[in-house]
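Report on the structure given below.
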Amino acid sequence: MPNRIIVLLKWIVFPLCLLPLALLVWYGVHQNLSADPVAEITHVTGRWALVFILISLAVTPVRRLHPRLGWLIRFRRMLGLYAFFYASLHLCTYVFLFSDLDVPGALANLQAHDWAGFRAQWAVPIATMKDDILRRKFIQVGLFAWCLLLLLALTSPAWIMRRMGGRRWSRLHALVYVAAIAGAVHFWWLVKPGVLRPLPYTLALAVLLLARIAWWLQKKLRRGGIPAPVKVQQPGLS
Amino acid sequence: MEGLVKQPRTFDIDSILRYRPIEERVYRFRCVEAWSMVVPWDGYPLSEFIKACDPLPSAKYVQFLSLHDSKQMPELGSSGFSGPYSEGLRMDEAMNPLTLLTLGLYGEVLPNQDGAPIRVIVPWKYGFKSAKSIVKVRFVDKQPPTTWNNMAPDEYGFYSNVNPSVDHPRWSQKTERRLTGSFFPQIKQTLPFNGYGNEVAALYNGMDLRKYY
């Protein structure tokens with residue numbers, strides 16, 4: 001694939017990935033985000049964070065399907081950063097809209113340059129968030145996944161990869177598997193019993209992980225890392 | 001209508017609609033998932049209907065069973081509900097004047113999604129206690145099995161009175177997001193019994209509401 005076309009494609013894919021956010025803003029402006037906009041924003045941003053992790057994890061398996069698909073690797077960082085982007089929007093929704101912050105009050109404080117009042121507005125949400133982080137498993141595992149994505153996003157530039165060395169960088173970025181699993185667990189732990197919404201995402205993740213395990217085993221076998229079963233001559237039978 | 005009654009009966013919807021004058025009741029509605037709304041419901045006290053059912057003195061609880069029709073409700077299959085949605089109240093709760101047999105909201109008949117044609121509204125309890133699309137009322141002597149309590153007893157108690165001091169395992173019940181139609185939610189302190197303590201707290205005298213959440 002010529003470089004020129006890849007650059008062109010990037011110009012298409014980049015805004016395309018912003019489409020979920022654009023739709024959210026569009027529906028928000030037109031008062032069409034269900035009766036409970038905060039819940040809707042939380043669901044949409046969380047879901048797309050997970051979807052982008054899955055798409056970025058699909059790059060390698062798809063490349064292996066055919067030698068001519070190698071160029072797809074050039075989109076992986078962008079997709080991974082979009083996962084971080086939507087996960088961060090998801091976290092911001094929680095911090096600003098879900099944690100008991102009085103947003104209109106805080107905005108009024110800001111406009112009036114009432115910094116003490118603004119700071120005071122945060123007392124309740126900070127207590128709520130502390131309580132959540134200490135007591136609620138699904139919050140803990142979700143925050144953990146976001147921290148991993150933050151680490152991966154910070155170490156995503158090419159110059160950091162060069163400085164770290166490919167091997168160490170790859171080993172660090174294998175944490176994306178942990179983040180993906182943590183994201184799926186977060187989803188399962190927050191839905192009420194009987195709700196199977198996380199299932200398709202979990203199945204997709206399982207397929208993507210199993211593909212890697214299968215390749216790893218295949219490679220081991222080919223290299224002779226795992227000894228092939230040896231036929232033992234049984235005395236007395238021949 | 002069946003169970004511990006003098007005579008099981010089937011009511012047609014018109015007779016229920018016309019049985020008593022419809023009054024408008026503006027109630028706070030508090031969902032167990034921490035949102036709330038102020039809604040003008042139309043109906044009459046459930047106690048009037050229960051009197052018409054003529055239950056036996058042995059009836060201690062009333063159970064509500066909702067329509068379970070996968071033709072009209074295509075998502076029933078993936079809901080995890082094995083049978084019809086079941087809710088229930090203790091007899092004194094059902095007879096409380098606040099408990100409303102509800103036939104409309106905002107002056108219109110109930111839309112399907114709000115529980116057409118008949119539901120109850122129990123304003124001091126979390127929303128899931130206010131059963132929708134009721135097709136069967138059963139009078140019983142023991143606490144009836146209820147859908148969400150069966151699915152997750154540690155998350156949804158039988159009583160489920162609004163109580164800011166008993167958290168749901170996954171979130172605090174101290175505050176609620178009041179949905180007003182504006183983009184930013186209004187955060188409100190949640191009140192015990194959703195603010196209807198004067199009317200209903202006496203029903204639970206002597207009960208440990210942390211145990212019977």
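Listing for the model above:
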read-out	value
Within region A:38-127, helices (runs of 4 or more DSSP H) holding 1 or more residues that are touching a helix residue (DSSP H, G or I) at 6+ places or on another chain (Cβ under 9 Å), more than 14 Å from chain B (Cβ to nearest Cβ) and surrounded by 20 or more Cβ atoms within 10 Å (Cβ to Cβ)	A:76-92
Where residue B:85 falls short, out of the listed (1) in contact (Cβ under 8 Å) with a residue 60 or more places away in the chain; (2) over 26 Å from residue B:51 (Cβ atoms); (3) of a type outside the set (D, E, K, R)	(2)
Filtered residues of region A:1-15 (kept if exposed (fewer than 12 other Cβ atoms within 10 Å of the Cβ) and not in a loop (DSSP other than H, G, I, E, B))	A:3, A:4, A:5, A:7, A:8, A:11, A:12, A:15
Sole exception among (1) of a type in the set (Ser, Thr, Tyr); (2) within 30 Å of residue B:184 (Cβ to Cβ); (3) surrounded by fewer than 18 Cβ atoms within 10 Å (Cβ to Cβ) for residue B:36, by number	(3)
Residues of region A:134-150 that turn out to be out of contact with any helix residue (DSSP H, G or I) (no Cβ under 6 Å at 6 or more places or on another chain) and open to solvent by 70 Å² or more (accessible area, probe 1.4 Å), as a count	3
Region B:144-165, residues that are more than 13 Å from chain A (Cβ to nearest Cβ) and exposed (fewer than 15 other Cβ atoms within 10 Å of the Cβ)	B:145, B:165
In region B:102-115, the residues that are open to solvent by 20 Å² or more (accessible area, probe 1.4 Å) and part of a loop (DSSP other than H, G, I, E, B)	B:106, B:107, B:111
Selection from region B:173-192 of residues that are within 8 Å of another protein chain (Cβ to nearest Cβ), buried (at least 18 other Cβ atoms within 10 Å of the Cβ) and either more than 15 Å from residue A:101 (Cα to Cα) or hydroxyl-bearing (Ser, Thr, Tyr) (or both)	B:175
Odd one out for residue B:99 among (1) away from chain A (no Cβ under 14 Å); (2) open to solvent by 20 Å² or more (accessible area, probe 1.4 Å); (3) hydroxyl-bearing (Ser, Thr, Tyr)	(2)
Breaking point among (1) within 14 Å of chain A (Cβ to nearest Cβ); (2) crowded, with 20+ Cβ neighbours inside 10 Å, for residue B:168	(2)
Any hit, region A:182-196, residues being in contact with a helix residue (DSSP H, G or I) (Cβ under 9 Å, 6 or more places away or on another chain), within 14 Å of chain B (Cβ to nearest Cβ), of a type in the set (A, V, I, L, M) and open to solvent by 70 Å² or more (accessible area, probe 1.4 Å)	yes
Residue in region B:202-212 that is open to solvent by 40 Å² or more (accessible area, probe 1.4 Å), aromatic (Phe, Trp, Tyr) and within 14 Å of chain A (Cβ to nearest Cβ) present	no
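The values are calculated or read from the model by the stated rules, or taken from the named source; none is laboratory data. This structure is a prediction, so every number in the text was calculated from the model and none was measured. Neighbour counts run over all protein chains shown; Cβ positions are idealised from the backbone, glycine included. With ligands, DNA and RNA removed, areas are computed over all heavy atoms of the protein, side chains included. Shrake-Rupley method; radii C 1.70, N 1.55, O 1.52, S 1.80 Å.
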